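Remarks on the structure that follows.
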Amino acid sequence: MKNKTNKNTQQIAQIFLRLALGIGFILPVMDRLGMLGAPGEPNVGWGNWANFVDYTNSLMPYLNHDIANVMGIIATLAEVLFGVLLIIGFKTKLSAYGSFALTLSFALSMLIFAGYRAPFNYSVFTASAASLLLASIPVYNWSIDKLLSKMKLIVL
């Protein structure tokens, strides 16, 4: 009985981790695109792209504003991609490693340019560690990966 309970707990934990990380990538993208409200409204971090690029530039002050904009676009595309792939459970291991690298680089930039408390106040190191932990899981239940492996369409 203990093994079945532990297995069920692990299965629930991996889907919860996938959803938490995936949604954690999608919501900030929605915020920077103004989909969650205007700047200054409750629960809105940026409210528009310009504010997000200014923040990106504060974490990469060695770049000019135009290059910070490009980096913001790259980060946003990566967040959308990783968020969707983690939520649906497709290429989960690869997406988890990618989200680990993205969040670790973000956390280190925050640590260096925003102060030691910033990445901890926003749990960025925690998200990075969670992504790495997710990448270590051998089987992703309730995922497209699992469905495809059952159908033997691809080797995961």
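The values are calculated or read from the model by the stated rules, or taken from the named source; none is laboratory data. Everything numeric here is computed off the predicted structure, so don't read it as measured data. In this analysis, Cβ positions are derived from the backbone assuming ideal geometry, glycine residues included, and neighbour counts consider all displayed protein chains. Protein only, heavy atoms only, side chains kept; ligands, DNA and RNA dropped before computing areas. Shrake-Rupley method; radii C 1.70, N 1.55, O 1.52, S 1.80 Å.
I want to confirm something. Restricting to segment 11-39 and keeping residues that are under 18 Å from ALA96 (Cα atoms) and free of Cβ contacts under 8 Å to residues at least 40 places away in the same chain, which single residue is most open to solvent (accessible area, probe 1.4 Å)?
PHE16
Could you check, for segment 102-121, whether at least one of its residues is more than 17 Å from GLY72 (Cβ to Cβ), polar (S, T, N, Q) and at pLDDT 95 or above?
yes
Go through (1) closer than 23 Å to ALA127 by Cα; (2) in contact with a Lys or Arg (Cβ under 8 Å, 6 or more places away or on another chain) for ASN48 and report which single condition fails.
Only one criterion in (1) closer than 23 Å to ALA127 by Cα; (2) in contact with a Lys or Arg (Cβ under 8 Å, 6 or more places away or on another chain) is unmet by ASN48, namely (1).
Based on this model, can you work out whether ILE87 counts as open to solvent by 80 Å² or more (accessible area, probe 1.4 Å) and out of contact with any Ser or Thr (no Cβ under 6 Å at 6 or more places or on another chain)?
Working: open to solvent by 80 Å² or more (accessible area, probe 1.4 Å): no; out of contact with any Ser or Thr (no Cβ under 6 Å at 6 or more places or on another chain): yes.
So ILE87 does not fit the description; no.
So which of LEU132, LEU104, LEU111, LEU147 ends up being crowded, with 18+ Cβ neighbours inside 10 Å and either over 15 Å from the mean Cα position of the chain (by Cα) or touching a residue at least 24 places away in the same chain (Cβ under 8 Å) (or both)?
Values: LEU132 fails: crowded, with 18+ Cβ neighbours inside 10 Å; LEU111 fails: crowded, with 18+ Cβ neighbours inside 10 Å; LEU147 fails: crowded, with 18+ Cβ neighbours inside 10 Å.
Testing whether each residue is crowded, with 18+ Cβ neighbours inside 10 Å and either over 15 Å from the mean Cα position of the chain (by Cα) or touching a residue at least 24 places away in the same chain (Cβ under 8 Å) (or both) leaves just LEU104.
From the list VAL80, VAL139, VAL124, which residue is under 11 Å from the mean Cα position of the chain (by Cα) and open to solvent by 50 Å² or more (accessible area, probe 1.4 Å)?
Details: VAL139 fails: under 11 Å from the mean Cα position of the chain (by Cα); VAL124 fails: open to solvent by 50 Å² or more (accessible area, probe 1.4 Å).
Sole residue among the options that is under 11 Å from the mean Cα position of the chain (by Cα) and open to solvent by 50 Å² or more (accessible area, probe 1.4 Å): VAL80.
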